Each structure stands twice: as C-alpha cells, then as structure tokens.
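J.: Structure in structure tokens, see below.
Taken together, the values in this text are just the output of simple stated rules run on the coordinates, not laboratory data. Every value quoted in this text rests on a predicted model; they were computed, and no experiment measured them. Don't worry about glycine lacking a Cβ; one is built from the backbone with ideal geometry, like all the others, and counts go over all protein chains shown.
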Amino acid sequence: MFTVVALLFFGALEWIAESIPNSYTYKRTYMEQHGSQIETLILGSSNAYDGLNPSILQHAFNLSNSSQTLEDDYRLLAKYIDSMDSLQTVIVGLDYHALGATSKANRRTYYTIYMDLYPRWPISKYSFEVCNPEMLIKKIIKYAVSRDVTRCDSLGQRVGHTKEAAEAGAEWWNKDMLSLVENDKLQIADCRLEIEENTRYLHAIVDLCNAHNVQPVIVQMPVMAEYKRLLPKEQVALMDDVLLSLNSCAIYIDASELEIPEEGWYNTTHLTKEASEEFTMKIVHSACK
C-alpha cells in the first residue's frame, strides 16, 4: 500500500513539475513552429543567453540556455538543421570554461525531458525531475510565487538579469569576481577527456554547418579584464589554440577583451540586455550580413 501511495505522490509531483512553463519547452515549441523561418541561430551557455541579442539580427532566434554545453549545442543543431530551410548563420557564443563542461554535470535532465536530446528510457536519474528534489522544490516554489520561470523573451534571449536584480538578490550571480574565477577555472590535467570531447563537438558544429552551406560564427564572449587576467594562462591559451584549429570556413571573433561600460555588466562575465544590443550590433552583425 505504501509503495502505491509513494508512486502516486511522486507521479503527481512529476506531472506538476513538467506542467510548469520553462525556457526549454518554449524554445522547443518555437523551433518546431518557426524553425524554417530562422536565418540566424544562436547557440551557447548563459553568456550567449544574456549577451547575444536576436532582435538586432534578421530573423534570428537564441537557442542558448544556462549551462548549455557544446554537446547540447551540437545535438540541438543536428536535431533541427535539416528542417531549417532559411538558415544562413549559426553563432556559437563561448565562455572560458566551455571546454571543461559536461552535460551530465549540468542540466541534462531538462534536455532529456523537454528537448528530447537524450533518451528518457531506460530510466535514469535524468529521466524525471523528482530525481533532483532540491532543484524541483525551488522550481515549484518560484512558480508559485512569481508565475515566471520561462525567463526568456519571444526570441529566446534571457530576461530579468539586470544590475538592480544582482544588487538586490543573494543568488549565485552576485558572487564576487574571485569566487566566479574559482568556479570557472579548469584543472586541465584532470579534465583532458572532457576537453577532447568538447573540442570534437565544436569541430562537429562547424562541419555540420559547412555540410549544409551555413556560415558558422564562433564568438569568444566578453568578460571583465580582471577576470580574464585571474584565469590560468594555460586555460586561456588552450581556448585560443582550439579556436585557431577550426575549419577555415568558420568566422572566429575574439570579443573577450572588448571594452564594455561598467553599467553593461550584470556580473563579471554576463552582459545586461541593454549592453547586449550594442554588443551584438557591433561585433556580430557584420559577420551575419
């Protein structure tokens, strides 16, 4: 009897969790309904989610998300590219820890449930939201309080990350620069397999674009100068080497040292939406003509 009650309880909790709107379901629906009209597709993690503004570009959509990995980027592109008849450009925004990121360590559950990038069966800890109760409870509470967990605009760019929000809140985004640098440092000797795998996925994205006659644009996203200075030199050099090794068909834009006004930073590595407009216009627009 207890087992039946427990199954019913967790089943109801999972149903509630999966019924709550989020950026993943929104973006999947948008791609299914409007993918054939998109001319410029934006991929990447939170730096691209915040910093690349699709409204500045012609028929663009931001398919990036928080903690999205290069494997996720590749799988998303491979899933949709054959149906994207108007696609001309794919922009990939990179941060300095992208080569060490793994899908399993981040948000694979969301990509499994809401975007069908990974198999849901056989059952694993990524198959259901109830397998991660801490994140699930936060999600339900947030939705109950604000009714807003989608956190992206109609073209897929994140909303809500403002200077005022950073100063008023007590979330991870508020952490000081040294804490963020420590979080983003790669221990290269300990993650060589991840680096090799992510390098392959980045090359695969470029090759997939090339095979479909689509222009790949790889953008090293801007960061505060002091943040870059504090990163291990070998980590910065590694990213430079990987990007220089890409197929010559790719356009590579290093915007990591671009000067951004102080009010344009949400935190050390993320732009406000206002700053993203100028950044996208200045750095990316010319590459997408």
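J.: Given the chain, what percent of its DSSP beta bridges are antiparallel, to the nearest 5?
T.: Around 15 percent antiparallel, to the nearest 5.
J.: Okay, moving on. Could you tell me how many degrees, from 0 to 90 and to the nearest 10, lie between the Cα long axis of helix 2-19 and the main elongation axis, the longest principal axis, of the Cα atoms of the chain?
T.: Once rounded, the angle reads 40 degrees.
J.: For the chain, take the longest principal axis of its alpha carbons; what is the angle in degrees between that and the long axis of helix 23-34, to the nearest 10 within 0 to 90?
T.: Approximately 70 degrees, to the nearest 10.
J.: Enumerate the amide H contacts of Q215 below 5 Å, restricted to partners 5 or more residues apart or on another chain; note that Pro and chain-start residues carry no placed amide H.
T.: T89, V90
J.: Quick check: the distance between the Cα centres of the range 85-116 and the range 243-272, to the nearest angstrom?
T.: If you average the Cα positions of each part, the centres end up 17 Å apart.
J.: Right, next: Quick one: which of K27/K138; K27/K142; K27/K125 span more than 32 angstrom between C-alpha atoms?
T.: none
J.: Rounded to whole Å and sorted largest first, list the principal axis extents of the Cα atoms in the chain.
T.: Cα extents, longest axis first: 63, 43, 39 Å.
J.: Further question: Taking the 0 to 90 degree range and rounding to the nearest ten, how far is the long axis of helix 192-211 tilted relative to the main principal axis of the chain, both from C-alpha atoms?
T.: That works out to roughly 70 degrees.
J.: Which value at 222 nm does the chain reach when only helices count, each DSSP H run of 4 or more adding -39,500 (n - 2.57), with the total divided by all residues and rounded to the nearest 500 deg cm²/dmol?
T.: Value at 222 nm, helices only, nearest 500: -13000 deg cm²/dmol.
J.: Continuing with the same structure: Rounded, prolate or oblate: which fits the range 190-254 when a ≥ b ≥ c are the square roots of the eigenvalues of the alpha-carbon gyration tensor, with rounded for a/c under 1.5 and prolate only if a/b beats b/c?
T.: oblate
J.: Which of the GluC sites (Glu not before Pro) found in the range 186-289 are loop residues per DSSP with 15 or fewer other Cβ atoms within 10 Å of their Cβ?
T.: Loop-located and lightly packed - E257, E259.
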